[in-house]
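Accompanying notes for the structure given below.
The values are calculated or read from the model by the stated rules, or taken from the named source; none is laboratory data. What you are looking at is a predicted structure, and each value in this text was computed from that prediction instead of being measured. Positions of Cβ are backbone-derived with ideal geometry, glycine not excepted, and every protein chain shown enters the neighbour counts. In case anyone asks, the SASA skips ligands and DNA or RNA and just uses the protein heavy atoms, side chains included. Shrake-Rupley method; radii C 1.70, N 1.55, O 1.52, S 1.80 Å.
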Amino acid sequence: MKYFLILLTSMALLLPGCSRKTTSEGEPPLSVIFETDLGNDVDDALALDLLYKYQDAGKICLLAVNLNKNGEAPAEFADIMNTWYGYPDIPIGIIRDGADCETDAAVNYAKAVVDLKDAEGKPLFARSHPGYADYPEAVTLYRKLLAAEPDASVVIASVGFSTNLIRLLETPGDAYSPLTGKELVAQKVKLLVTMAGCFDNPEVHEYNVVKDIPAAKVIFEQWPTPVVTSPYEVGIQVKYPATSIENDFAWAPQHPVVEAYKAYLPMPYDRPTWDPTAVLYAVEGGDWFTVSAPGCIQVTEEGSTLFTEEEGGTRRYLSVTPEQAEAILQHFLGMITASR
Ligand SMILES: [Ca+2]
C-alpha cells in the first residue's frame, strides 16, 4: 500500500501543469479542459487569464488548452500565455480544417501578439514549446487526457466552435482507450459548459453556433453528459471595463492580455464577458446565475437555439438579473486584477 501511494504521488508529480494538491476545503482541484477560438474575440484571452488564476488558487487543474481556430498563431499565443502565467507544461491541442473564421475579426490578435518584437528585434514574449509541428491534434489530446482521468471528473469549458467536440465523439477506440469517443466522454466528462446560443431572441444566431451549425446541433442534442450554456444575452450584460485593462495590468511593461486588447480594437473599449461567464460557471457553478429548469435544446438550420423545458432533461441555460450581472463583474474584477 505504501509503495502504491508513493507511485501515485510520483505520477501526480509527472502530470502536466498542475500539482493536484487539495484545495483549502480538502477537495481535489477540478479538472478543466479549455476549448477555445483564441484569436477571434478577445474575451477568450480574458477567460484564459481567469483559468490561470483559478489554478493559482488551487481550485482547478487546467488539463489542456484546445484550439478550434485554425493556424499557428492561436497555438503560439496559447504557449505565450502558458509561459507568462507560469504553466509552460499545460498541453495545447490544435485543429486542422476547422471552421472558416480567418476574416471574421479585423485583426487576429493572437497573430499580432505573436509578431510583437522587443527593441532588439527579438520576440517580445517568451515561449516554451518548440514549434507548431509538434502540437497534437486536439481530438487526440482529448482522448489521451480523458482516458487517464477518473470517471465523471472532467469539466470542459467550450467557448468557441464545437468542431473538436463533434470530432471527439466520432473517434473510434485507440491506444489510449478501447472506448469510442462518445463512450469515453460519457465515462469521463462530468459536465460540458459552452458559451453558445441565444434564448431570449430566436432571431439572434450566435457566432459560436453559426460557425459550425452541424457540430453545435450534435453537441446540444446528442452530447452524452449534462450541458450548460452561457448564451449571448449573459456575456453582453457583463462588460469588462477598459479602465481595468488599462490600469490593473500596468505593473507589467507589456502584458500579453493587454497587447491582445490593443490589437483587437482601438483602445479603450469595454468588452462583453461571453467566455469568462462560461468559465465562471464551469468552475464555480450556478450561484452567480439564474439557471434554467432542465430541458432540451434544439439548433435550427439557421443557427437559432430553442429551449424546451423537460423533466429529466440534461440541458440548461444561464441568464442574469442586473444585480447578478453587477455581482459577476465585481467578482471578475477581484480575480482578474490579481497581478499576473
Ligand atoms: Ca470565443
Condition check for G295: surrounded by fewer than 24 Cβ atoms within 10 Å (Cβ to Cβ) and under 19 Å from the mean Cα position of the chain (by Cα): no
Counted residues, the stretch 42-83 - those being more than 19 Å from Y132 (Cβ to Cβ) and open to solvent by 20 Å² or more (accessible area, probe 1.4 Å): 3
Being polar (S, T, N, Q) and within 16 Å of the ligand (Cβ to nearest atom) is the requirement here; does T194 meet it? yes
Would you mind stating whether A152 is aliphatic (A, V, I, L, M) and on the phi > 0 side of the Ramachandran plot? yes
Checking the condition among the hydrophobic types (A, V, I, L, M, F, W, C) and free of Cβ contacts under 8 Å to residues at least 24 places away in the same chain, which residue from V299, V258, V279 passes? V258
Kindly check whether there is at least one residue in the stretch 177-195 that is under 30 Å from V320 (Cα atoms) and among the hydroxyl-bearing types (S, T, Y). yes
In the stretch 221-261, what residues are under 13 Å from R271 (Cα atoms), small (G, A, S) and out of contact with any Ser or Thr (no Cβ under 9 Å at 6 or more places or on another chain)? A242, A260
Pairs, please: C-beta under 8 Å, at least 6 apart or cross-chain, first residue without any contact (Cβ under 8 Å) to a residue 60 or more places away in the chain and in the stretch 140-169, second open to solvent by less than 30 Å² (accessible area, probe 1.4 Å) and polar (S, T, N, Q)? R143/T171; R143/S177; L146/S177; A147/S177
Exactly one condition in (1) within 16 Å of the ligand (Cβ to nearest atom); (2) surrounded by 24 or more Cβ atoms within 10 Å (Cβ to Cβ) is not met by A105; state its number. (2)
